[in-house]
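The values are calculated or read from the model by the stated rules, or taken from the named source; none is laboratory data. On a predicted model such as this, the values are computed, not experimentally measured, just so you know. Don't worry about glycine lacking a Cβ; one is built from the backbone with ideal geometry, like all the others, and counts go over all protein chains shown.
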Number of protein chains: 2
Amino acid sequence: MRLTRYFLPVLKETPAEAQIVSHRLMLRAGMIRQASAGIYSWLPLGYRVLRRIEEIVHQEQQRAGAIPVLMPTIQSADLWRQSGRYDAYGPEMLRIKDRHDRDMLYGPTNEEMITEIFKAYCGSYRDLPKNLYHIQWKFRDEVRPRFGVMRGREFLMKDAYSFDLDHASAIHSYNQMMAAYLRTFERLGLKAVPMKAESGPIGGDHAHEFLILAETGESGVFLDRTVVDLSLGGREIDFDDRAQLQAIFDDWTAPYARTDDTHDEALFHSMVPEERRVEARGIEVGHIFYFGTKYSEPLEALVATPEGEKVPVHGGSYGIGVSRLVGAIIEASHDDKGIIWPESVAPFAVGLVNLKQGDAAVDAACEDLYAKLEAAGLSVLYDDTDDRAGAKFATMELIGLPWRLTVGPRGLKSGVVELACRRTGASEELTPEAAVAKLGAIYAGL
Amino acid sequence: MRLTRYFLPVLKETPAEAQIVSHRLMLRAGMIRQASAGIYSWLPLGYRVLRRIEEIVHQEQQRAGAIPVLMPTIQSADLWRQSGRYDAYGPEMLRIKDRHDRDMLYGPTNEEMITEIFKAYCGSYRDLPKNLYHIQWKFRDEVRPRFGVMRGREFLMKDAYSFDLDHASAIHSYNQMMAAYLRTFERLGLKAVPMKAESGPIGGDHAHEFLILAETGESGVFLDRTVVDLSLGGREIDFDDRAQLQAIFDDWTAPYARTDDTHDEALFHSMVPEERRVEARGIEVGHIFYFGTKYSEPLEALVATPEGEKVPVHGGSYGIGVSRLVGAIIEASHDDKGIIWPESVAPFAVGLVNLKQGDAAVDAACEDLYAKLEAAGLSVLYDDTDDRAGAKFATMELIGLPWRLTVGPRGLKSGVVELACRRTGASEELTPEAAVAKLGAIYAGL
């Protein structure tokens, strides 16, 4: 993309209304614009990041066996009355009357609707297990929306719903999602820790929130430092292997890790030696929850067992805050100059800076690099404006592209361009060919 | 995808509520499920087609220079009051009050919002031209939703908005979208004809609807047969070349082609010799519209000319009914047995039918083919159930995959599998390697 043809409205001043760094940087980098309180338009740069995160979430959900669907945003109130949640849900539910005066709502979540779909088509153990998910806009009418996309009213969420014949099989589905989440967050360049969550009326250990450690987090967190060092790395996961997935669950849930909702000070002290105790703040980016027959009973989603008995199906739900993740990644990865995108979600793989726009040799070298990078499958933001070098560098640093290629007349005389790393600040001079090859290698593994 | 792990709830009976063939087939093929009147959930097969159409629309919009953004579904009423449309828009607008009793609405379109965004960041001729688009869910509270996704209430639309300094430049933007639409519909396997539309208060020739000819269309159409034979084919288009785009506009708009909204019987007879006159029905799938300063004046979106004068920006809007296209393609491409997907939007490239599930040799051959097809980048729906052959064939025909590979013990003895074409019904016996190569070649150009 050539910057002269793009729409990248970066701001020089820091917007006064933004209280946290991710909100400030998203506004300054021209990623979002507020449409109304807690409701945002995604400008081109923000939209690109959102789509990249979405794509990684899709890939890891499907790798774990979940099947994509898409449910609508507007729901009828009927099913919610059946589950008992229409009245239980407070003023955060956006309630709507259509032209025929029917009660509708903008879905804050989809347990009822997916259970109705399941029930319509599946009635036997032979149809199980199933895990259906979608990535769709939700609405929660927060009384005081704040922190930009971190606590907005209209937000993009991935929500998956598993259906199993019995408790043991449901736990396997739960463990599949646990492993999928660990891998998803690792690919996003995040250190997200599963923490014991309130398990609701059915009790049990199968409710976890995934939190990223960040000073601006809304939750207090208490954890054993060892859990932060765990990593799936390149581990091969067979999502049908119950023992392997149970071992992953065990590894990640053995160390103490809780939010202030579930924290138990005495247990913390007894389980974790003082030098490993961490008290910090965290941002919730995911939530997995086994709820048993909570929805299948009132909505009568029954399946026949091999013995012919009809039993309510066992369910779980699994959320990831896709739009919130854009902010969360920035909270976890920025410096004084701006955002620092992990390669996996960067809006462009590389920024190309022409130091002397209008100079025939420099223009030609830039055009050549631009074409070669794009041909190598690398997305490029080419700053072909006639701004001065300092302004070009400041914009590239603000918007946080992981790599910057700088082309100027002096370097070209020696046959080199400069490749700079946003995260470390390190730079090196390379021939254009070597720079393309190096960038290709960096992005090859993603 | 293995069918035993998928969620493909095909129906044997024809649903009584569906009046038109696309609605019937989408329900029978397990593509959608009605959530409430005019509101649908997209089941896995339908979701795959929707995403493929969306991707083609994205590619062609971006090729023409339009830049993707994403605006929210819920809008404040304020901007609509400023443009005068809040009151003018009838009961089809879904009006909402939030918890603070503020007037909101579910966007039926985005002229106001995109103009506000443009105005916030662009104030000079140097910022022009711009064309920003998004693909987002819209809501129109139809009094009598019908025909499945063809006239639903919640629907997915691509809407682009161009901003130009003057009329001549705006017409070039219009012509860019005209060419992009022609290519988009051709890639979707559709013959869509641009027809003169009502141009609104500003008059002029720059308002066209794109219609597909289909018996179930809601509009009557009158056209010169020659327009149906026009095709871009593999033509290279330089979207900066004003003359080339004007020539495309001229070629496609010279022959008479109008809907009953704009039809002029006398003109039809004078322009078109009797043997070339076609009177038929059509489905609207796109709409392009140059509206000048209709929104920039009330919303005060002004830009400075090179001479320093402030003038309202010239705008156009360009819609494609993305979810409606799923139905429209089926209306245009089906037979008694079911859907016939064009390769470009097929939910899977090929269906793989195992004629004797449980037979070690047949199972092994199928697994091998499955792996090789997926490795070649071809998506496969592998029917690994133990249904009988007739049922497997009927399902594949109903869901309309363009190609079917059949593997059975008899063929394997001679070292061959059967490759069948859904559209022609023709089939041939090939070695598995030749079948993979042939399918690879068929899909290589898409």
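Here is how the numbers come out for the structure above:
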| item | result |
| --- | --- |
| Residue match in region B:19-30 (condition: at the interface with chain A (Cβ under 8 Å from one of its Cβ atoms) and crowded, with 19+ Cβ neighbours inside 10 Å) | yes |
| Conditions (1) farther than 28 Å from B:Arg33 by Cα; (2) touching a Leu at 6+ places or on another chain (Cβ under 8 Å); (3) more than 10 Å from chain A (Cβ to nearest Cβ); number of the one not met by B:Ile117 | (3) |
| Residue in region B:126-134 that is more than 10 Å from every other protein chain (Cβ to nearest Cβ), touching a strand residue (DSSP E or B) at 6+ places or on another chain (Cβ under 7 Å), touching a residue at least 12 places away in the same chain (Cβ under 8 Å) and crowded, with 22+ Cβ neighbours inside 10 Å present | yes |
| Residues of region B:261-273 classified as surrounded by 13 or more Cβ atoms within 10 Å (Cβ to Cβ) and either under 30 Å from the mean Cα position of the chain (by Cα) or in a loop (DSSP other than H, G, I, E, B) (or both), total | 5 |
| Residue that is farthest from B:Asp103 (Cα to Cα), among those in region A:93-104 that are more than 8 Å from chain B (Cβ to nearest Cβ) and touching a Lys or Arg at 6+ places or on another chain (Cβ under 8 Å) | A:Asp103 |
| Some residue of region B:6-18 being over 28 Å from B:Val353 (Cβ atoms) and either surrounded by fewer than 22 Cβ atoms within 10 Å (Cβ to Cβ) or more than 11 Å from every other protein chain (Cβ to nearest Cβ) (or both) | yes |
| Single residue of region A:168-223 satisfying the filter (of a type in the set (A, V, I, L, M, F, W, C) and part of a loop (DSSP other than H, G, I, E, B)) that is nearest to A:Lys158 (Cα to Cα) | A:Leu188 |
| Total residues in region A:66-92, condition in contact (Cβ under 8 Å) with a residue 40 or more places away in the chain, at the interface with another protein chain (Cβ under 10 Å from one of its Cβ atoms) and among the hydrophobic types (A, V, I, L, M, F, W, C) | 5 |
| Tally of residues being more than 27 Å from A:Asp78 (Cα to Cα) and modelled with pLDDT of 95 or more across region B:1-19 | 6 |
| Residue selected from region B:109-166 under the condition charged (D, E, K, R) and assigned to a helix (DSSP H, G or I), by the criterion nearest to the chain's Cα centre (by Cα) | B:Glu111 |
| Residues of region B:294-313 satisfying the condition of being free of Cβ contacts under 8 Å to residues at least 40 places away in the same chain and surrounded by 16 or more Cβ atoms within 10 Å (Cβ to Cβ) | B:Pro312 |
| Residue tally, condition touching a residue at least 60 places away in the same chain (Cβ under 8 Å) and either assigned to a loop (DSSP other than H, G, I, E, B) or farther than 12 Å from A:Leu43 by Cα (or both), over region A:18-32 | 10 |
| The lone exception for A:Glu55 - which of (1) out of contact with any strand residue (DSSP E or B) (no Cβ under 7 Å at 6 or more places or on another chain); (2) more than 21 Å from B:Ser41 (Cα to Cα); (3) within 13 Å of another protein chain (Cβ to nearest Cβ) it fails | (2) |
| Qualifying residue in region B:161-174 (condition: within 11 Å of chain A (Cβ to nearest Cβ) and either at pLDDT 95 or above or touching a Phe, Trp or Tyr at 6+ places or on another chain (Cβ under 6 Å) (or both)) | yes |
| Selection status of B:Ala360, over 21 Å from B:Ala66 (Cα atoms) and either over 23 Å from the mean Cα position of the chain (by Cα) or without any contact (Cβ under 8 Å) to a residue 60 or more places away in the chain (or both) | yes |
| The lone exception for B:Val285 - which of (1) within 29 Å of B:Val21 (Cα to Cα); (2) part of a loop (DSSP other than H, G, I, E, B) it fails | (2) |
